[in-house]
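Each reported figure results from applying straightforward, stated rules to the coordinates on display, with no laboratory input. Just so we're clear, the structure is a prediction, and the values are computed from it rather than from any experiment. Methodologically, a virtual Cβ is constructed for each residue, glycine included, from the backbone with ideal geometry; neighbour enumeration extends over all protein chains shown.
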Amino acid sequence: MFKRCQGNSLWLIILTMLMLASLGWSVFVLWIEIAGQSPQADRTLFGTIFSLGVMGWGTITFYLWAAHRRGTLGRQLKKLRFLTQKRALIWASVAALWVVLRVLGRLLVFAFDEMLLPPLYGMVLFAVLGSILLLGLRIPGQQDEALPSTVVVRLAGILIKLLPGVALLAIAIYLIVAILRLPYPFGMEWMEGGSVEQIRRLLAGQPLYVRPSMDFIPYIYTPVYFYVSALVAQVTGVGFVPLRLVSIVASAGCLLIIFRIVERETSSRVDAILAAGLFAATYQASASWIDLARVDALALCFLLAAVYALRFQPGTAGAAMAGGLLALSFMTKQTVLIAALPIMLYSLADDWRRGVCFNGTGIVIVMLSCLALNVASDGWFAYYIFQLPGQHRLYLPMLYGFWAADVWLPVGIACTLAIAYLVSMLPSLSWLKQHVFHDALPIEAEVEKRLKTGLFYLAMLAGMVGGSWAGKLNDGGFNNVLLLVYAALAILFGLAVHHTREWVKTLPVDQQSAAMVALYTLCLIQFVGLAYNPLACIPTREDYEAGRLLVETISNIDGDVFAPFHGYLAVKAGKPSYANGVALGELAGDFGGQELDSGSAVLDEIELAVREQRFGAIILDSLPALDRTRLYQRLQPLLDQYYRQGPPLLEVEAAFWPLTGTRSRPDVIYYPMQNE
């Protein structure tokens, strides 16, 4: 059978198998959701439609691609004369459709506070992907009516100058927003305050990974970010500034590394600027996260540095350097291991000596670091870093929602160019059959170089997409995990623009300017589609004033204050903080696991303190979703018995909300009954 499948007919067999696999997966997931009467069953139904639509359109696209390779595309498209006569209108329609989808999505979010039917948008965007790939086949047929060449040339010149300016503007806007947010003395995301408490603990000479108690529970992250921030805090003082400063510097490092990767590959600073600018433009799409007091920016910076070193630093020394950087990334956020696995495997297949140095260095450093931390913490390090993350359940709608709402919708054009670039760099199946399966001919040096480049960036993309997808599949995952996939797509976007521009130079002279206009217009539309209001990312005067009054109110309370999700506010008011509510939720099973004995012990400790009215006040968030947490379920009956609810803490409805993440604020206060 294999011998009869010459050339591109192999694609049809593979696509048929993928169609059957997609159908089986869709039926299986739909049955699980409906049988379990899940509230997500309707979304899963649309996800099934999306999956089948994706595979169907993919089959059509690759069938036409195969027909083009066989020289029969003209016959296949004979009935679709619009495709062969008015290709310029298709480019305009593709761009217009993408913009309309973006606008419609924003309007639906504004009207209904959620994205309705995101899988359907993803299906349409995949159709756009197929259309653009089809357009790249240089379909034969009647040429468009020619515009005056001077107009096209001038337009191409304007766009070539405009697009890098737009990319630089995206970078400048991000940096300005980050600097303006840096000194804000309150949390812009509801877990930031817990990060501050971790470096406060380090500076006090106390360990992070200890037996959980009502006083302190660490986050489930490896410690490098907190160690680095604690060093900075010795200069700046404890607070949000050192943590955010580390994140801002790390994010600038990410932009620089993305720039350097593309510049080294293409020798073009313009394309490198486009790549870095696209990553900066995804700031809001990735939840305005990369400058927060969270671990993500530093972990990504180390990971990108490892990719750069592995690609461009020669010899085993360069591979060992890359392994050390990868180890630092893991010790900043352990989930980057998922993103690193394909690159680790590729390095072994490409050059086993460098691969052994890369993998060996990284693994040895990680193992020794984890062993030392685990011994020093009497086993609690492994408990927090490896056992607790396994308690999270899967969020099945993200099996399809990730591709639709998180990838295709915000960065669909960049995905298109990235996929087209990788397809062009990798050989066809017929070539693999001839050169690899049978070793019939030696591989040309230029082809081998392209193949290695394509495989390297395919491994990078697969790893970072896998890391982001795994993060979104995790119950509790948020858009910060998208930083991985956006960074990979930004790199490939810059490489694809350069590669496409080089291909354009091979076209007839009278077509080059029009092709450049089409390419740069699509790139410009991609940047415009990611545009956001930077003022919405910056705290207002009302936020500052509400925070100041809240701290003042807490300071005037007699006794300690228990604010499980905002303990840093109690510290600002001169009072001790207690265990963070999110960290406690990891132990209590709030993310899909079982309530662990350590979590039960802490909840019992808190319950006893409430019964004994040790707290001068208890401050909670009124977010309805928190009513399902074990902490609230244990607290609510006791509060009705031992405490009374006071007046709302925050009088201004629009003030002191987090700027990203869970939309919750400390607005409910309870006082002991005996104080009446």
*Give, in nm to one decimal, the length gained when the segment between Glu502 and Arg614 is fully stretched (0.36 nm per residue of separation minus the Cα-Cα distance).*
33.2 nm
*Using only the Cα atoms of segment 149-537, build the gyration tensor, take square roots of its eigenvalues as a ≥ b ≥ c, and label the shape rounded, prolate or oblate: rounded if a/c is under 1.5, else prolate if a/b is larger than b/c, else oblate.*
oblate
*Measure off 7 Å from each Cα along the Cα-to-Cβ vector at Glu545 and Gln313, then give the distance between these two points in nanometres to one decimal.*
5.2 nm
*Which aspartates and glutamates have a Cα less than 13 Å from the Cα of Lys449, not counting those fewer than 8 places away in the same chain?*
Glu265, Asp350
*Would you please give the FRET efficiency between Leu345 and Gln641, computed as 1/(1 + (r/R0)^6) with r the Cβ-Cβ distance and R0 = 45 Å, to the nearest 0.05?*
0.20
*For segment 365-372, just list the computed ³J(HN,Hα) in residue order, Karplus coefficients 6.51, -1.76 and 1.60, θ = phi - 60°, integers in Hz, with x standing in for Gly and Pro.*
4, 5, 5, 5, 5, 5, 5, 5
*If you average the sequence gap of Cα pairs under 8 Å that are 6 or more apart and divide by the length of segment 541-675, what percent do you get for the contact order?*
27 percent
*Given a cut-off of under 8 Å on Cα pairs at least six residues apart, what relative contact order in percent is computed for segment 149-537?*
23 percent
*Can you list the residues, at least 5 places off or on another chain, whose amide H is less than 5 Å from the amide H of Gly187, using H built in the peptide plane?*
none
*Between Arg644 and residues 5 or more places away or on another chain, which pairs have amide H atoms under 5 Å apart, with H built 1.01 Å from N, and which residues are they?*
Tyr671, Met673
*Would you mind classifying segment 548-676 by shape? Square roots of the alpha carbon gyration tensor eigenvalues, ordered a ≥ b ≥ c; an a/c under 1.5 is rounded, otherwise it is prolate if a/b is larger than b/c and oblate if not.*
oblate
*asked:* Within 10 Å of each candidate Cβ there may be at most 14 other Cβ atoms; applying that plus a DSSP loop requirement, which trypsin sites (Lys or Arg not before Pro) in segment 573-671 survive?
replied: Arg614, Arg663
_As an exercise, use a Förster radius of 22 Å and the Cβ-Cβ distance of Arg353 and Lys449 to find the FRET efficiency, rounded to the nearest 0.05._
0.70
_Residues Gln594 and Val652, FRET efficiency given R0 of 41 Å [Cβ-Cβ distance, rounded to 0.05]_ = 0.50
*What ranking do His566, His392 get, fewest neighbouring Cβ atoms within 10 angstrom at the top?*
His392, His566
_Karplus (6.51, -1.76, 1.60) ³J(HN,Hα), θ = phi - 60°, over segment 557-574, in Hz, Gly and Pro reported as x_ = 7, 6, x, 6, 10, 9, 10, x, 9, 8, x, 4, 5, 5, 5, 4, 8, x
*Give a residue-ordered list of calculated ³J(HN,Hα) values for segment 339-344 (Karplus: 6.51 cos²θ - 1.76 cosθ + 1.60, θ = phi - 60°; whole Hz; x for Gly, Pro).*
5, 8, 4, x, 5, 4
_For segment 513-556, which GluC sites (Glu not before Pro) pass both filters: DSSP loop (anything but H, G, I, E, B) and at most 11 other C-beta atoms within 10 Å?_
none
*asked:* Once you place label points 7 Å from the Cα toward the Cβ at Asp558 and Arg264, how far apart are they in nm?
replied: 6.6 nm
*Note the full-extension length gain between Ala372 and Glu605 as 0.36 nm times their separation in residues minus their Cα-Cα distance, in nm to one decimal.*
80.8 nm
*Could you pull out every residue, at least 5 positions away or on a different chain, whose amide H is within less than 5 Å of the one on Asn474? Hs are placed 1.01 Å off N in the peptide plane, and Pro or chain starts have none.*
Tyr395
